[in-house]
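The values are calculated or read from the model by the stated rules, or taken from the named source; none is laboratory data. The structure displayed is predicted, hence computed values, not measured ones. Quick reminder, even Gly has a Cβ in these numbers, built from the backbone with ideal geometry, and neighbours come from all protein chains shown. To get the accessible areas, we keep the full protein, side chains included, count just its heavy atoms, and leave off ligands, DNA and RNA. Shrake-Rupley method; radii C 1.70, N 1.55, O 1.52, S 1.80 Å.
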Amino acid sequence: MIDRRNFLTLAGVAAGSTLILPTASLAQADISPEAVFHDPKAPALGNPDGDITLVEYFDYQCPYCKSNHPVVEKVTKEDGNLRVVMKDWPIFGAPSVYASQLVLGAQSMGQYEAGLEALMATQGKLSNDLIEKTLSEAGVDPDKAMAGYKANRKEIDALLSRNDAQAVAIGLRGTPAYIVGRDVYPGAVDADTLRKAISDARQA
C-alpha cells in the first residue's frame, strides 16, 4: 500500500509547523505548488503545455528510480497531455551529484533528455568513469557537459539546493517520489496508479 499524502496539506503544515527538520532546508524551502510544479530551471519533459504536471524527485543511482523510469515514460507517451518535471535529488553520494551536474550541464546543449535516458538505463552503482563512459556512448560529450555546468554553476547549484530543501520540507524519505495534483506518491508506482493519479488530478 502506498503511503500517499496530501501535498497541499503538507505545504500548509510546513509553512507554520514545528516539525523537526534541518533548519537550513526549512529556511530555504518554498513548497508552494508554484515553486514545486513550475520552477523555471527544472527540466520538463512530455508535453510542455500539458494540463497536468507530474513531478519526480530522483537520483541516478537509485535502483527504483531506474526500474520505474520506463513506467513513467510509458504513461507520459500514452497520455500526450502530461508535463513531467524532473527534480534531481542526488542523495546517494558524490557520483549522484556528479551525474546531476553533467546532465543538467548538458541541458545547455539540448542534450538533457539524452543524458537522462542513458544514465537511467544503467545498472547498479555509478562511478565517475562509468557516468562519463555512459554519456559518451549516448553522444553526450562529458567535457562539454561539464563546461555547460560550470558556465551555469550558480543556477544549477541553486536548483539542486531548492530540490533538496523541498524534498526535506515535504517530508520525502527517499527516491523516487512523485507529486501529481494534490497527492504525494513515495516510492515506485505502477502504471495504473499513475494513470489514476493523473485522472484524479484532472477531475479535481
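Pairs to check: Lys87/Lys144; Lys77/Lys154; Lys41/Lys66; Lys77/Lys150; Lys87/Lys150. Give those whose C-alpha atoms are more than 25 Å from each other in this structure.
Pairs exceeding the cut-off: Lys77/Lys154; Lys77/Lys150.
Sum -39500 (n - 2.57) across every DSSP H segment of at least 4 residues in the chain, then divide by the residue count to get the 222 nm mean residue ellipticity, nearest 500.
-16500 deg cm²/dmol
Using a simple spin-label model with points 7 Å from Cα along the Cα→Cβ vector, what separation in nm is obtained for Ala35 and Lys133?
For Ala35 paired with Lys133, the spin-label model returns 4.1 nm.
If we count every other residue with Cβ under 14 angstrom of Glu137's Cβ, Lys/Arg +1 and Asp/Glu -1, where does the sum land?
-3
Once the dipole of the range 93-204 is set up with Lys and Arg at +1 and Asp and Glu at -1 on Cβ about the Cα centre, which of Val189, Thr134, Gln123 lies farthest towards its positive end?
The one lying farthest along the dipole's positive direction is Val189.
Report the charge-dipole magnitude of the chain in Debye, nearest 20, computed about the Cα centre from +1 at each Lys and Arg Cβ and -1 at each Asp and Glu Cβ.
Numbers: 20 positive and 26 negative charges, 68 e Å.
Magnitude of the dipole: close to 320 debye.
Which whole number of Å³ per residue matches the convex hull of the alpha-carbon atoms in the range 108-168? The partial results should precede the final answer.
Values: hull volume 6.3 nm³, N = 61.
Spelled out: Cα convex hull of the range 108-168, divided by residues, is 103 Å³.
Å³ per residue of the Cα convex hull, for the chain? Numbers along the way, then the final one.
Numbers: hull volume 23.8 nm³, N = 204.
That works out to 117 Å³ per residue.
Roughly what % of Cα-Cα distances in the range 136-204 sit above 17 Å, to the whole percent?
62
Any idea what angle helix 63-79 forms with the longest principal axis of the chain, computed on alpha-carbon atoms, 0 to 90 degrees, nearest 10?
70
Quick check: residue separation of Glu78 and Asp192 times 0.36 nm, minus the Cα distance between them. What number comes out in nm?
Full extension of this stretch gives 39.8 nm more.
What Rg and what Dmax come out for the range 86-204 when only alpha-carbon atoms are used, in angstroms?
For the range 86-204, the Cα-based Rg and Dmax read 15.7, 46 Å.
Starting from the alpha-carbon convex hull of the range 57-153, give the projected area averaged over all orientations, in nm².
Mean projected area of the Cα convex hull: 6.0 nm².
In whole percent, and with a 1.4 Å probe on the protein chains, what portion of the accessible area of the chain is carbon and sulfur?
Its accessible area is 53 percent carbon and sulfur atoms.
Please give the per residue accessible area of the chain, computed with a probe of 1.4 Å over protein heavy atoms only, in Å².
48
Can you run phi through the Karplus equation (6.51, -1.76, 1.60; θ = phi - 60°) for the range 175-192 and list ³J(HN,Hα) in whole Hz, with x for Gly and Pro?
Here the 3J(HN,Hα) series is 10, x, 9, 10, 10, 9, x, 9, 10, 9, 10, x, x, 5, 10, 8, 4, 5 Hz.
Could you size up the charge dipole of the range 46-93 around its Cα centre, putting +1 on the beta carbon of Lys and Arg and -1 on that of Asp and Glu, and report it in debye to the nearest 20?
So the magnitude is around 140 debye.
Towards the positive end of the charge dipole of the chain, with charges on Cβ (+1 Lys, Arg; -1 Asp, Glu), say which of Val75, Val36, Ser108 has the farthest Cα.
Val36
Nearest 0.05, what FRET efficiency do Ala204 and Asp143 give at R0 = 41 Å with Cβ-Cβ as r?
That pair, Ala204 with Asp143, gives E of 0.35.
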